[in-house]
1. Please work out which residue is nearest to ILE195 (Cα to Cα), limiting yourself to the range 104-124 and to residues that are in contact with a Leu (Cβ under 9 Å, 6 or more places away or on another chain) and buried (at least 24 other Cβ atoms within 10 Å of the Cβ).
2. Residue check, GLU171 against (1) closer than 25 Å to PHE249 by Cα; (2) surrounded by fewer than 22 Cβ atoms within 10 Å (Cβ to Cβ); (3) acidic (Asp, Glu); (4) modelled with pLDDT of 95 or more, all met but one. Which one?
3. Would you point out which residue out of SER299, SER239 is within 30 Å of ARG12 (Cβ to Cβ), surrounded by fewer than 18 Cβ atoms within 10 Å (Cβ to Cβ) and touching a residue at least 40 places away in the same chain (Cβ under 8 Å)?
4. Of all residues in the range 248-257, how many are closer than 14 Å to GLU166 by Cα and not aromatic (Phe, Trp, Tyr)?
5. Kindly indicate which of ASP54, ASP78 is within 22 Å of ASN320 (Cβ to Cβ), surrounded by fewer than 17 Cβ atoms within 10 Å (Cβ to Cβ) and of a type in the set (D, E, K, R).
6. Restricting the search to the range 316-343, which residues are part of a helix (DSSP H, G or I) and of a type in the set (A, V, I, L, M, F, W, C)?
7. Which one of these is at pLDDT below 95 and either in contact with a helix residue (DSSP H, G or I) (Cβ under 8 Å, 6 or more places away or on another chain) or at negative phi (or both): TRP229, TRP252?
Amino acid sequence: MAKVTESPNTERRKVDHIRINLDENVQFPRLSTGLEEYRFVHQAIPELSLADIDTGVVVFGKALSSPILISSMTGGTDVALRINQNLARAAQRHNIAMGLGSQRAALEDQTLAASYRIRDAAPDILLFANIGAVQLNYGYCLEHCRRAIDMVGADALILHFNVLQEAVQAEGDIDFSGLLRKIEHVCAQLPLPVIAKEVGWGFSERNTRDLVNAGISAIDVAGAGGTSWSEVEFHRAPSAFHANVARSFADWGIPTADALLNARRAAPDLPVFASGGLRDGIDIAKCIALGADLAGFASPFLKAADESADAVDWLLQALNAQLRIAMLCTASQNIDGLRKAEFQRGAGGG
């Protein structure tokens, strides 16, 4: 197995990222998700009862109660353990999918692995392990992917893509060359699905096509309009120079709605997850109508999980209630019906 370059700052970065996301305004200053441009056509006579609405979906062969995904956020620190446990308990209670934060810290230091191990709290959920795709150019190999999966008992592996974040970091890993060939090898050899995930700047149609050709099993478009990780890096920049460079990319990226449409055009039959700036159950409904299979949230869940498992549970109840009402008001009894709901592009958020 290839030797991994040790990164003593990895755990420190995890702590910084949690603190900055909780304490600072790191949203895109001007760029939005694009979801506000879509409006459902209200159905005043849905011929349904709210009690009849079914939000269930099947992803990777596992039946879920709702298309909500707790997106990958954190791990590798003591505070991350509490956050992940709170998220996992709520995910188990609501039977939804959850992704873990990058496991690089625990692959480099096994004493940090406990912060990712949430199977005791959530034995039945659809769970995604997670490593950075760029690490395949820094000593990671198929064995590291297997270790990440085995560490947490995951059902699939996320390879996340964060080229801009790495590029604006003073200590970032900036060699993204030749990755598709290595990703193809991982996809061919792993027995579980591999998910390609951006971290908030979206995939182009060409990127999606390349990833599909490499054997990826699903795409999480993670578009722009929510948390801007260049803004996060601005807040932890070690110098005025690095802060200036990071801040210039505050509104970079492909809005979530556009990234979702890119993925659907490039891969009409592939599972697609929509994330990046989603805020409520109406956004979930819009993403489903635009072609998503799951709708992911990060920042709202991070803030809730920092408070308590009950706060995460409350948020999930609210998101599900909003989604169900949106389905009722579009005469959509189930998720397949919501995919056919009548909507139009234009100003407004309904």
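The values are calculated or read from the model by the stated rules, or taken from the named source; none is laboratory data. Just so it is clear, the model here is predicted, and its values are computed rather than measured. Counting neighbours? That spans all protein chains shown, and the Cβs are built from the backbone with ideal geometry, glycine included.
1. Within the range 104-124, the match that is nearest to ILE195 (Cα to Cα) is TYR116.
2. Of the numbered conditions (1) closer than 25 Å to PHE249 by Cα; (2) surrounded by fewer than 22 Cβ atoms within 10 Å (Cβ to Cβ); (3) acidic (Asp, Glu); (4) modelled with pLDDT of 95 or more, the odd one out for GLU171 is (4).
3. Going through SER299, SER239 in turn, just one is within 30 Å of ARG12 (Cβ to Cβ), surrounded by fewer than 18 Cβ atoms within 10 Å (Cβ to Cβ) and touching a residue at least 40 places away in the same chain (Cβ under 8 Å): SER239.
4. Within the range 248-257, residues that are closer than 14 Å to GLU166 by Cα and not aromatic (Phe, Trp, Tyr) number 0.
5. Matching residue, one of ASP54, ASP78: ASP54.
6. Result: LEU316, ALA318, LEU319, ALA321, LEU323, ILE325, ALA326, MET327, LEU328, ILE335, LEU338.
7. Matching residue, one of TRP229, TRP252: TRP229.
Every residue, every condition in (1) in a helix (DSSP H, G or I); (2) hydroxyl-bearing (Ser, Thr, Tyr), yes or no:
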{"site": "LEU211", "(1), (2)": "yes, no"}
{"site": "ALA222", "(1), (2)": "no, no"}
{"site": "SER230", "(1), (2)": "yes, yes"}
{"site": "PRO238", "(1), (2)": "no, no"}
{"site": "ALA250", "(1), (2)": "no, no"}
{"site": "ALA259", "(1), (2)": "yes, no"}
{"site": "ALA263", "(1), (2)": "yes, no"}
{"site": "ASP269", "(1), (2)": "no, no"}
